[in-house]
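Structure record follows, encoded as structure tokens.
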Amino acid sequence: GDTYDARAVQEKWQARWAEQNPFAASEDPADDRPRRYVVDMFAYPSGDLHMGHAEAFAIGDVIARYAFQRGENVLHPIGWDSFGLPAENAAIKHNTHPAEWTYANIETQAESFRRYGIAVDWSRRLHTSDPEYYKWNQWLFLRFFERGLAYRKDGLVNWCPKDQTVLANEQVVQGRCERCGTEVVRRSLNQWYYRITAYADRLLDDMDQLENGNWPDDVLTMQRNWIGRSHGADVRFAIEGREEPVSVFTTRPDTLYGATFFVVAADAPLADELCADDHRAEFEAYREQVAKLSDIERQSTERPKTGVFLGRYAINPVNGERIPVWAADYVLADYGHGAIMAVPAHDQRDLDFALKFGLKVREVVDTGEPSPAESGVATAGEGRLMNSGPLDGLSKSEAIPRIIEILGERGTGSAAVNYRLRDWLLSRQRFWGTPIPIVHCPDCGEVPVPDDQLPVKLPDNLKGADLAPKGVSPLAAAADWVNTECPKCGGAAKRDTDTMDTFVDSSWYFLRYCSPGDDSAPFDIDKVAKWGPVDQYIGGKEHATLHLMYARFFVKVLYDMGMVGFTEPFRRLLNQGQVINQGKAMSKSLGNGVDLGEEIDKYGVDAVRLTMIFAGPPEDDIDWADVSPAASLKFLNRAYRVMAEAGAASAPGADPASGDLALRKATHQALDKITAAVDAQRFNVAVARIMELVTAARKAIDSGPGAADPAVREAAEVVAITLALFAPYVAEEGWERLGHTGSVSVGNWRRPDPALLTQESVTCVVQVASKVRDKLEVAPDVSAEELERLALASEKVQAFIDGREVRRIVVRAPKLVNIVVG
Ligand code: ANZ
Ligand code: ZN
């Protein structure tokens, strides 16, 4: 037989696609085909493509190719997230500029993507490290700045001692730097922030657009938890010997009568202010110890509680009780007001603290559980209030509004909402990122770089050791770059030397794709109105919080600026699973890595792609040890031979109506099921149906009507058309062998003929007392219950039962019913 040469076929069709550009999006205003916008999450250019890329992009490509195949006007672009630390570290190691490593890797990956056959519009390719791109990060920064959404503040930040840069909270994983694993310390620094907290409610509330299966439920939950909205009250406590009261945030204002002490975050300026002189030495020693801990360690319920008494008292606003003020590390400086009312009977951390330091415990909710002071277990359940004056006898849900009302009347508190979400720490003290477009003038302060002076380009004369981490940005050492004129007064001034977190780059690139060459705006508003929002976004679960949160934030700000007409960037989100090997993530240390290039050399692109898709639903992990690219290649050869043999035996255009009816039905039923499976994003199921169709066509050629039958051609054409989503090279080649000119990949999807979808009937024999008494025509997939009902409804059968008792009915659907009578 005729087998296909995967490599030759790949090269042939790569060249054709490059020449004919079938996957370009149309910007013709007269083109009224339905539009579809499909975006794969950015690739990061570290090295060549790996198995993870291959899976993610195979899935995204099925979705895009399906839209192409159905005749939609598809925008499926590609780009690189090309700023970031790995390039900088490589540059330090090899004494080069980060651009060298970055752009060399991008070229390698682009070549691999071409070979992999991704149906993208190459003319829209983006790299975020191009000045033409990051200019617009700067432009957007200035718009955020004007709106009060970009600002600088002193604050305690996470500092990676190895990378010598600050990290956002999100980049600290269990107290360690997400990138290098070094233990993170806290430092007080003046840094730039984006005010994402101003959008906390909208980030939560707009999520109703993403529900009902549009986004995976677990991603929605992670987004919700990250924002962490809690409802409660602010309660003001007077402090003895201090004019200003101090507020605390509590979700349990109903327990106010049970507050027996007061705790301030040890690292908050407030602790320093409240500390009495005769307690200062002890407090300062304690504070130093706390500075070394991460938030996670501090909040761990396992760690023994630590703290110091500050020598002060707070006054409970409802009962006038005098309670001691402590500083401790389990209270965080940047949540709520950095201070709490401690209710040890009903909060475990407060109880642990009270028991350790011998503080009072007073129960105010009668939950029927053992006394917390004795059991050591705080009670958080439902119950009636007690020891609480006007709240006594109320339930929690009655007591909360009541106490808020009382506090309101006295002017000592009110209902309040708190968020876990923090403002987005933007500044990085590293080189390979977007410079912050601000000039610091001794006279004028922070002065924005005027729009017509953008981009503020990175200098190109720094390399190698110039970029080594020093605690301040490497840009600070580039005197010719730093020293500039104040745009306002013309005096000597200095550029801001921090660069932006690279998450900025990926927060709006999907808008830039709509008009990638635009040099007058970050994106063309009309083009974005035409394509946006993204219909389908595809990428890994590692971006479930940060990237998606930031992109959602950007789109809301742009909406408020009147630049986009939608409030959510991604209509649907698909998180592909991971490719693992032998049950474990691929890693150098385990030696279980699989090289994508080698797999492709061995089996060809189509077989590798088909294996990725056929392994299971797209959300599931693929264990490469459990799949067989060799079997995929074997199947593709079978499919190819069917197409080639049908093509050799007949010409396009034969009327299929005269063909073999059984095969025609098989073809149309397969097409129907493939369409449903692709619509439901169950691509593995679609592939299984194509495999069955190939088998049916093979049978028809070998032991049925033969290769020249028009039904065989029809089946082979449907194989080519549907396989084009999963194994595009062999599909193109097969289509050509079937006598067609042009690409099979665009606009060729077919609708099944409804007349051919009706299933044939089968004959069911009905016996009464083991004698055949009737025959029924039924559907082949009739259920046992339905068949029993039909059999008993038969007049002939009823006549033979003749009033006797039916003892038992044996049903063997769809062929036999046996009625046993007594
Ligand atoms: C009194 C109380 C009694 C509390 C009780 C809880 C149970 P979420 O749900 O996370 O918002 N809290 C407030 N600010 C804090 C800070 N800066 N650091 C650590 N803990 C802080 O939690 C709100 C609760 O966490 C607040 O309600 C407060 O303790 C504590 F039976 O106030 B609660
Ligand atoms: Zn000035």
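The values are calculated or read from the model by the stated rules, or taken from the named source; none is laboratory data. Bear in mind that the values here come from a model prediction, so they are computed numbers and not experimental data. Please note: Cβ atoms are built from the backbone with ideal geometry, for glycine as well, and neighbour counts cover all protein chains shown.
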- Message: Kindly evaluate Pro780 against the criterion of being surrounded by 15 or more Cβ atoms within 10 Å (Cβ to Cβ), within 57 Å of the chain's Cα centre (by Cα), part of a loop (DSSP other than H, G, I, E, B) and at pLDDT below 95.
- Response: no
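With the condition kept exactly as written, say whether any residue in segment 434-446 is within 16 Å of ligand 2 (Cβ to nearest atom), under 35 Å from the mean Cα position of the chain (by Cα) and either at pLDDT 95 or above or of a type in the set (A, V, I, L, M, F, W, C) (or both).
So in segment 434-446, the residues within 16 Å of ligand 2 (Cβ to nearest atom) come out as 437-446.
Retained after the next criterion (residues that are under 35 Å from the mean Cα position of the chain (by Cα)): 437-438.
Among the residues that remain, those that are also either at pLDDT 95 or above or of a type in the set (A, V, I, L, M, F, W, C) (or both) are: 437-438.
Checking segment 434-446: at least one residue is within 16 Å of ligand 2 (Cβ to nearest atom), under 35 Å from the mean Cα position of the chain (by Cα) and either at pLDDT 95 or above or of a type in the set (A, V, I, L, M, F, W, C) (or both).
To keep it simple, each residue is scored yes or no on (1) of a type outside the set (A, V, I, L, M, F, W, C); (2) under 24 Å from Gly213 (Cα atoms); (3) in a loop (DSSP other than H, G, I, E, B).
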residue	(1), (2), (3)
Ser520	yes, no, yes
Asp526	yes, no, no
Lys530	yes, no, no
Asp535	yes, yes, no
Glu542	yes, yes, no
Leu548	no, yes, no
Lys556	yes, yes, no
Gly562	yes, no, yes
- Note on the structure: The condition of being farther than 24 Å from Gly358 by Cα, at pLDDT 95 or above and out of contact with any Phe, Trp or Tyr (no Cβ under 6 Å at 6 or more places or on another chain) holds, among Thr251, Thr255, Thr260, only for Thr251
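Taking the condition among the aliphatic types (A, V, I, L, M) and either over 30 Å from Asp234 (Cα atoms) or within 16 Å of ligand 1 (Cβ to nearest atom) (or both), does Leu425 pass?
Working: among the aliphatic types (A, V, I, L, M): yes; either over 30 Å from Asp234 (Cα atoms) or within 16 Å of ligand 1 (Cβ to nearest atom) (or both): no.
So Leu425 does not fit the description; no.
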- Task: Could you tell me which of the residues Ser414, Ser427 is surrounded by 20 or more Cβ atoms within 10 Å (Cβ to Cβ) and more than 16 Å from ligand 2 (Cβ to nearest atom)?
- Result: Ser427
- Query: Somewhere in segment 518-532, is a residue surrounded by fewer than 18 Cβ atoms within 10 Å (Cβ to Cβ), within 23 Å of Leu149 (Cα to Cα) and of a type in the set (Phe, Trp, Tyr)?
  - Reply: no
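Search segment 342-378 for residues being among the hydrophobic types (A, V, I, L, M, F, W, C) and in contact with a Phe, Trp or Tyr (Cβ under 6 Å, 6 or more places away or on another chain), and hand back the single one that is farthest from ligand 2 (Cβ to nearest atom). Let's see the steps before the verdict.
In the first step, residues of segment 342-378 are kept if they are among the hydrophobic types (A, V, I, L, M, F, W, C); the result is 342-343, 345, 351, 353-355, 357, 359, 361, 364-365, 373, 377-378.
Remaining after also requiring in contact with a Phe, Trp or Tyr (Cβ under 6 Å, 6 or more places away or on another chain): 342, 359, 364.
Numbers: Ala342: 49, Leu359: 55, Val364: 59 Å.
Here the residue is Val364.
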- Message: When the residues of segment 460-490 are narrowed to those that are without any contact (Cβ under 8 Å) to a residue 24 or more places away in the chain and of a type in the set (Gly, Ala, Ser), which ends up farthest from Ser129 (Cα to Cα)?
- Response: Gly490
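Answer with yes or no whether Lys488 is among the basic types (Lys, Arg), away from ligand 1 (no atom under 16 Å from the Cβ), more than 31 Å from the chain's Cα centre (by Cα) and in a loop (DSSP other than H, G, I, E, B). It would help to see each step written out before you state the result.
Numbers: among the basic types (Lys, Arg): yes; away from ligand 1 (no atom under 16 Å from the Cβ): yes; more than 31 Å from the chain's Cα centre (by Cα): yes; in a loop (DSSP other than H, G, I, E, B): yes.
In short, yes.
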- Task: Look at segment 653-684 and say how many of its residues are surrounded by fewer than 19 Cβ atoms within 10 Å (Cβ to Cβ), hydrophobic (A, V, I, L, M, F, W, C) and under 13 Å from Glu714 (Cα atoms).
- Result: 4
- Note on the structure: Filtering segment 394-417 for residues that are within 25 Å of Asp366 (Cα to Cα) and of a type in the set (D, E, K, R) leaves a count of 4
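Do you know which of the residues in segment 469-520 that are among the basic types (Lys, Arg) and within 16 Å of ligand 2 (Cβ to nearest atom) is nearest to Phe570 (Cα to Cα)? Give the steps one after another, and end with the answer.
Our first condition is that a residue be among the basic types (Lys, Arg); within segment 469-520, this holds for 470, 488, 494-495, 512.
Next cut, within 16 Å of ligand 2 (Cβ to nearest atom) only: 488, 494-495.
Numbers: Lys488: 40, Lys494: 39, Arg495: 36 Å.
My answer is Arg495.
Within segment 692-740, how many residues are crowded, with 18+ Cβ neighbours inside 10 Å and in a helix (DSSP H, G or I)?
Step one: list which residues in segment 692-740 are crowded, with 18+ Cβ neighbours inside 10 Å, which gives 693-694, 696-698, 700-701, 707, 709-738.
Of the ones still in play, those that are also in a helix (DSSP H, G or I) are 693-694, 696-698, 700-701, 710-723, 728-737.
Total meeting the criteria: 31.
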- What number of residues in segment 64-111 are surrounded by fewer than 21 Cβ atoms within 10 Å (Cβ to Cβ) and among the small types (Gly, Ala, Ser)? 5
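Of these, Asp460, Asp466, Asp505, which one is closer than 30 Å to Gln171 by Cβ and either part of a loop (DSSP other than H, G, I, E, B) or hydrophobic (A, V, I, L, M, F, W, C) (or both)?
On the way: Asp466 fails: either part of a loop (DSSP other than H, G, I, E, B) or hydrophobic (A, V, I, L, M, F, W, C) (or both); Asp505 fails: either part of a loop (DSSP other than H, G, I, E, B) or hydrophobic (A, V, I, L, M, F, W, C) (or both).
Answer to the check: Asp460.
Give the residues of segment 351-379 that are part of a strand (DSSP E or B), away from ligand 1 (no atom under 12 Å from the Cβ) and under 16 Å from Ala259 (Cβ atoms), sorted by residue number.
Selection gives nothing.
How many of the residues in segment 752-767 are farther than 30 Å from Arg807 by Cα and either of a type in the set (Gly, Ala, Ser) or without any contact (Cβ under 8 Å) to a residue 12 or more places away in the chain (or both)?
Step one: filter segment 752-767 for residues farther than 30 Å from Arg807 by Cα, giving 752-760.
Remaining after also requiring either of a type in the set (Gly, Ala, Ser) or without any contact (Cβ under 8 Å) to a residue 12 or more places away in the chain (or both): 754-755, 758.
Total meeting the criteria: 3.
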- Item | Flag for Glu382 being among the acidic types (Asp, Glu), more than 16 Å from ligand 1 (Cβ to nearest atom), more than 18 Å from Thr499 (Cα to Cα) and surrounded by fewer than 19 Cβ atoms within 10 Å (Cβ to Cβ) | no
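It is to be established whether one or more residues within segment 329-350 are within 14 Å of ligand 1 (Cβ to nearest atom), in a loop (DSSP other than H, G, I, E, B), at negative phi and basic (Lys, Arg).
Within segment 329-350 (the criterion being within 14 Å of ligand 1 (Cβ to nearest atom), in a loop (DSSP other than H, G, I, E, B), at negative phi and basic (Lys, Arg)), the answer is no, since none of the residues qualifies.
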- Confirm whether Gly616 is surrounded by 14 or more Cβ atoms within 10 Å (Cβ to Cβ), modelled with pLDDT of 95 or more and in a loop (DSSP other than H, G, I, E, B). yes
- Sole miss for Leu332 among (1) hydrophobic (A, V, I, L, M, F, W, C); (2) at pLDDT below 95; (3) within 23 Å of Ser395 (Cα to Cα) is condition (3)
